[in-house]
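Heads up, the thing below is written out as structure tokens.
The values are calculated or read from the model by the stated rules, or taken from the named source; none is laboratory data. None of these values were measured; they are calculated from a predicted model. Note that we place each Cβ from the backbone using ideal geometry, even for glycine, and neighbour counts take in every protein chain shown.
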Ligand code: FUL
């Protein structure tokens, strides 16, 4: 295959409708809650007594309210973690909330949260750990049936689901055996009952893991990546222009979608990156842990939502079932910071146009002209990714006193769904966005421009 065909194929790898709507969710909450909350552990071993689970003040409405104020647009609850304890009264096991004192065995945390989400126009999703250290079926074919039964309960009884989260962890069950998960079968069920839901897994199909849990994304976080990595996603292209192959690829690699990597791939897929991180060191609540600083969370927001990823921030409820006051305060601070930063778009009345004399298929420039000199330190760029993710390198310029476009103040690689560029304050009536290289014709939306509080 010649390089031109390869490039144009890469430029035309497109997201599904459900992937586009996942990208627009941008920032959503993760809730790790269960028996570990009561045993002060991160991983339960499956022998926990359901009698210990009693979050007497659990208030789903309040959790949704707090998450909304933080700027989140949805949440994902650990319906079952590795210990196998179910936060909903599953018909298929006794290891669940129905044998807990919570609401005298009539409680259903999944339902309370799902209802609160749906009432408040907030997206609802769930995590159902494939690894189960309690189930007697684990390590046999019957476990896949058990897992699918549970998946069906969650997919059919709790209204619309936006995101299903498959953890990659696969350890031993109570009988010392490991399980072969029937992922194709699980995915088929989700497509059948919740066709609009995106599915998260290390290997796709819809959303992939960024490769760490510390809230960082890679320098160039492409949503178009080798199918060798996301082999559960739809392969949209075939073949490579070079005589080699990707012998090894994993989520933790430094380069995934960059040209020097994809050129060796035998087929590409669309699969965006989710950055999952906890507001505290642990995923579950531990009294002696503190939330991360506002500065760290804000930086993470800019480097995820603003770097072609989604930000999945875990905030674990306490034993009482409430959000820890320390976390609540931090979330309010973060929400305020986000809404303040992006409340006034200085480019509202500006004129945006492509610079015709500069244009080729792989290189172009755009001008943003304000009606007067304007102070700004943030430009938000977005590609219309429904047509594909294409920009490989860009730079932002202003004019010098002689009207030459010689002052570069920012340089970047990918744009994709959203690129938030933050830099030292500039004062100008013009911004030129130079697309240094692209995989095909560039569809850039009109940028927005801000003067963000620098503290
Ligand atoms: C990991 C799990 O082992 C952790 O407990 C946590 O749920 C995290 C989000 O995923 O694989």
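Do we find a residue being in contact (Cβ under 8 Å) with a residue 60 or more places away in the chain, under 24 Å from residue 91 (Cα atoms), surrounded by 13 or more Cβ atoms within 10 Å (Cβ to Cβ) and more than 16 Å from the ligand (Cβ to nearest atom) anywhere in the range 169-188? Yes, the range 169-188 contains at least one residue that is in contact (Cβ under 8 Å) with a residue 60 or more places away in the chain, under 24 Å from residue 91 (Cα atoms), surrounded by 13 or more Cβ atoms within 10 Å (Cβ to Cβ) and more than 16 Å from the ligand (Cβ to nearest atom). Pairs meeting the criteria (first residue in the range 327-343 and at pLDDT 95 or above, second residue part of a helix (DSSP H, G or I), beta carbons under 6 Å, at least 6 apart or on different chains) are 328/66; 331/66; 332/69; 333/294; 334/297; 335/69; 337/298. When you scan the range 28-56, how many residues do you find that are in a helix (DSSP H, G or I), within 14 Å of the ligand (Cβ to nearest atom) and surrounded by fewer than 21 Cβ atoms within 10 Å (Cβ to Cβ)? Number satisfying all stated conditions: 1.
Check whether at least one residue in the range 77-86 is farther than 30 Å from residue 271 by Cα and buried (at least 16 other Cβ atoms within 10 Å of the Cβ), and report yes or no. Yes, the range 77-86 contains at least one residue that is farther than 30 Å from residue 271 by Cα and buried (at least 16 other Cβ atoms within 10 Å of the Cβ). Among the residues of the range 241-265, those identified as at pLDDT 95 or above and part of a loop (DSSP other than H, G, I, E, B) are 256, 257, 258, 263, 264, 265.
Here is a yes/no grid of residues against (1) touching a strand residue (DSSP E or B) at 6+ places or on another chain (Cβ under 6 Å); (2) over 30 Å from residue 340 (Cα atoms); (3) within 16 Å of the ligand (Cβ to nearest atom); (4) not in a helix (DSSP H, G or I):
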| position | (1), (2), (3), (4) |
| --- | --- |
| 58 | no, yes, no, yes |
| 68 | no, no, no, no |
| 98 | no, yes, no, no |
| 117 | yes, no, no, no |
| 137 | no, yes, no, yes |
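Considering the range 160-176, the residues that are touching a helix residue (DSSP H, G or I) at 6+ places or on another chain (Cβ under 9 Å) and part of a loop (DSSP other than H, G, I, E, B) include one that is farthest from residue 276 (Cα to Cα), namely 173. Only one of the numbered conditions (1) under 28 Å from residue 175 (Cα atoms); (2) buried (at least 20 other Cβ atoms within 10 Å of the Cβ); (3) in contact with a helix residue (DSSP H, G or I) (Cβ under 6 Å, 6 or more places away or on another chain) is not met by residue 96, and that is (3). The lone criterion from (1) closer than 22 Å to residue 23 by Cβ; (2) within 16 Å of the ligand (Cβ to nearest atom); (3) outside any strand (DSSP E or B) left unmet by residue 127 is number (3).
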